[in-house]
Amino acid sequence: MQLLHIPSSFSTFPSPFPNQSNASVTLRFRFQPPYRSFSRREVRCAVAFGGGGDNDSFTAKSGYLFELSATEADSLAEYSVSNIAAVYYRKPLVVARRLFQTGIAFGKWFGLRYVDSLLERSNDMFEIRAAELRKILVELGPAYIKIAQAISSRADLIPPSYLDELSLLQDRISPFSTEVAFNMIEQELGLSLVELFSEISPEPVAAASLGQVYQARLRKTGQVVAVKVQRPGVQAAISLDILILRFMAGLARRAGKLNTDLQGLVDEWASSLFREMDYNNEASNGIKFRELYGSIPDVVVPLMYKEYTTRKVLVMEWIEGKKLSEVKDLYLIEVGVYCSFNQLLECGFYHADPHPGNLFRTYDGKLAYLDFGMTGEFKQELRDGFIEACLHLVNRDFDALAKDFVTLGFLPATADKEAVTKALTGVFQNAVSKGIRNISFGDLLGNLGTTMYKFKFRIPSYFSLVVRSLAVLEGIAISFNPEYKVLGSTYPWIARKVLTDRSPQLKSSLETLLYKDGVFRIDRLESLLTESLRAKTKKTIVKQQTEEANSRMVVKEILSFTLTEKGEFVREIIVQEFAKGLDALGLATLETAAARVPFNVFFFPSLMTEEDMTNLRNFQRLLLLLLGTRREENSNAQIGRVSDDQNQVPNMEELSLVLNQSGSIQEILPVLSVIPELSPESQQQLLQLASDLVRQLISRAAARTIRRVFL
């Protein structure tokens, strides 16, 4: 890309906006002597010829919204319903004109769609109506464009023709005058273009709803940067549209007798949008985002230049690449999912506007995040509640899920939990039965509408922004892989966090999940450990995620995980269950030996209880898990696995099957062979683990002996 060289002659690059020509700019400077500097006035003259002197369609149609006094404009610097109302209650004609303009625009479009259906030409007119809708949104301005951007990534929800048109709203909106933009840069930064930049593009390289971007080179450092300039009048226009939308949301809630606070949702979105219009805030967000997530492998976050940033001008590092939605890179989707997991469930600071125009694949194959105007904070108690809800959903614990919905603010505390549990079972049972790797947002939302209305569900204001960050990634992936499920890619990270987090709330949740009435549910630990091993972002792992890992690698990963400080709680559970299993194995061995003695029934009473047999089965499955051996379904059938609420005293045939499948020396060798590869700390922890196991085993044997002798 060629830039406008301010201290000497310059050449231009082709305009990204077809209706504007830059040929006059080329002619204007074609005969400038080399290395001759020129004044600010000359720069302004140059861009006046080719920089888009005409108003863009938004300004042309809605420019009357910009006419605010300095005092009124200052009162709209931050989102306040009362301040916005105070400004526009004094301008009833402006409000009426905007209502009329919006009503006519959408009324005409819906009328034409209705006529198309009457004339049975809807399919033929689909692309035309999609283009007309995009034009309407552009003319009405940023508030409506932002709403359209929120759904423009959902290929599974939006017809292709509309999706193609709405995707143009991400960064190909008609730009405003470059002369106005350059004037704003100089006014905001208090320096001339000559003092700020050695080069700058004569036209914007991208234009969005709130502003447009120029490529430039800083004079002081020579760094190539992106210069973002806010669209004139945007704050006044958005303020009025939000006031109208908020009023309509109140009417819709009352008319539909809805439980969700629609005005609260508008307020949450509007507050975030107002923060986005303050570029100082965006720069601070970008710096924080870079500090928290910039070190994640294959994630790029541009550097912010705070010294060149004001409310209306932002300067940041220039990023080269293509939109993620334009390249079929499933690996970067996985990187985005991992980054989103860290944003939502680890740090709680998340990018709240990740539409496809803000996610780039750099030319060296990394995922770049742009545009940090809209961010959100996810409180710790909500993060823990969200994780618990995912666990309970996957494990079909709908009673606990109903309680989670209260914690997360979806249900009032007075809701009938038993009735809600029954309803949730009916809604989610089929979706969850497909397995976590096959659950989509559509599956979960399928039949939830009726249940939400019946039990007075409400959508918390924070939730729409949280879910959107994951829904956008799923939408991008679906566009080239219809089978992709973002929840299936997120759950491994959730499983790993549950197994490693030191939060008392999550530890309690894990213990509740793994034990029911004191009985260890090995299948749930198996599921968590197995899923946690999928939590990878390495390219070789992602590309081969459908292939089975060899047992030696699985053993090493499980040991490396359980022997770390983070795996302490899980390690304690495993040692405890191993001790129970070894104790039961000893009893089973004695009982098997006694069975060979003639008339053993008269001399050797049964040593194995129902609890011992359950412990033995759990031991066998735990051993297979730690050996990295996949259990086959026919093995389960042979063993006759007993459910949580149905234990039976074993017969000798079943006992022999369990003993025979409890592992051989050959199967244990992989465990022994990886021990030298572990870190010294892990090896030391392994020795301590063996000591703890022996101590617990002796304790159990002594306690059982005392019970049988004295009780």
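Results, tabulated for the structure shown:
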{"quantity": "Flag for ALA226 being closer than 24 Å to TYR308 by Cβ, surrounded by fewer than 22 Cβ atoms within 10 Å (Cβ to Cβ) and among the small types (Gly, Ala, Ser)", "calculated": "yes"}
{"quantity": "Answer residue from the stretch 691-701, given it is of a type in the set (A, V, I, L, M, F, W, C) and modelled with pLDDT of 85 or more and is surrounded by the most Cβ atoms within 10 Å (Cβ to Cβ) among those", "calculated": "LEU697"}
{"quantity": "Flag for ALA549 being out of contact with any strand residue (DSSP E or B) (no Cβ under 7 Å at 6 or more places or on another chain), at pLDDT below 80 and within 30 Å of SER673 (Cα to Cα)", "calculated": "yes"}
{"quantity": "Top-ranked residue of the stretch 178-231 - restricted to ones that are of a type in the set (Lys, Arg) and assigned to a loop (DSSP other than H, G, I, E, B), ranked as modelled with the lowest pLDDT", "calculated": "ARG231"}
{"quantity": "Residue that is surrounded by the most Cβ atoms within 10 Å (Cβ to Cβ) [pool: residues in the stretch 384-431 that are within 21 Å of LEU344 (Cβ to Cβ) and β-branched (Val, Ile, Thr)]", "calculated": "ILE387"}
{"quantity": "Residues located in the stretch 563-579, provided they are closer than 9 Å to THR500 by Cα and either part of a helix (DSSP H, G or I) or free of Cβ contacts under 8 Å to residues at least 24 places away in the same chain (or both)", "calculated": "GLU565, GLU568, PHE569, VAL570"}
{"quantity": "Residue in the stretch 249-263 that is in contact with a helix residue (DSSP H, G or I) (Cβ under 9 Å, 6 or more places away or on another chain), of a type outside the set (Phe, Trp, Tyr), within 22 Å of TYR350 (Cβ to Cβ) and outside any loop (DSSP other than H, G, I, E, B) present", "calculated": "no"}
{"quantity": "Matching entry among LEU133, LEU65 (being modelled with pLDDT under 85 and either surrounded by 12 or more Cβ atoms within 10 Å (Cβ to Cβ) or out of contact with any Asp or Glu (no Cβ under 7 Å at 6 or more places or on another chain) (or both))", "calculated": "LEU65"}
{"quantity": "Any hit, the stretch 502-520, residues being under 30 Å from LEU265 (Cβ atoms) and part of a loop (DSSP other than H, G, I, E, B)", "calculated": "yes"}
{"quantity": "Residue that is within 17 Å of the chain's Cα centre (by Cα), surrounded by fewer than 20 Cβ atoms within 10 Å (Cβ to Cβ) and at pLDDT 90 or above, where the choices are PHE349, PHE372", "calculated": "PHE349"}
{"quantity": "Within the stretch 90-118, considering residues that are touching a helix residue (DSSP H, G or I) at 6+ places or on another chain (Cβ under 8 Å) and farther than 17 Å from GLY141 by Cβ, the one surrounded by the fewest Cβ atoms within 10 Å (Cβ to Cβ)", "calculated": "LEU112"}
{"quantity": "Where a residue in the stretch 685-699 is in contact (Cβ under 8 Å) with a residue 60 or more places away in the chain and its partner, wherever it lies, is outside any helix (DSSP H, G or I) and surrounded by fewer than 12 Cβ atoms within 10 Å (Cβ to Cβ), with Cβ under 9 Å and at least six apart", "calculated": "GLN685/GLU565"}
{"quantity": "Verdict on GLY321 being touching a Ser or Thr at 6+ places or on another chain (Cβ under 6 Å) and at pLDDT 90 or above", "calculated": "yes"}
{"quantity": "Number of positions in the stretch 68-105 that are over 37 Å from the mean Cα position of the chain (by Cα) and polar (S, T, N, Q)", "calculated": "2"}
{"quantity": "Residue in the stretch 272-313 that is surrounded by the most Cβ atoms within 10 Å (Cβ to Cβ), counting only those that are under 20 Å from the mean Cα position of the chain (by Cα) and part of a loop (DSSP other than H, G, I, E, B)", "calculated": "VAL301"}
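The values are calculated or read from the model by the stated rules, or taken from the named source; none is laboratory data. Computed from a predicted model, the values in this text were never measured in an experiment. Quick reminder, even Gly has a Cβ in these numbers, built from the backbone with ideal geometry, and neighbours come from all protein chains shown.
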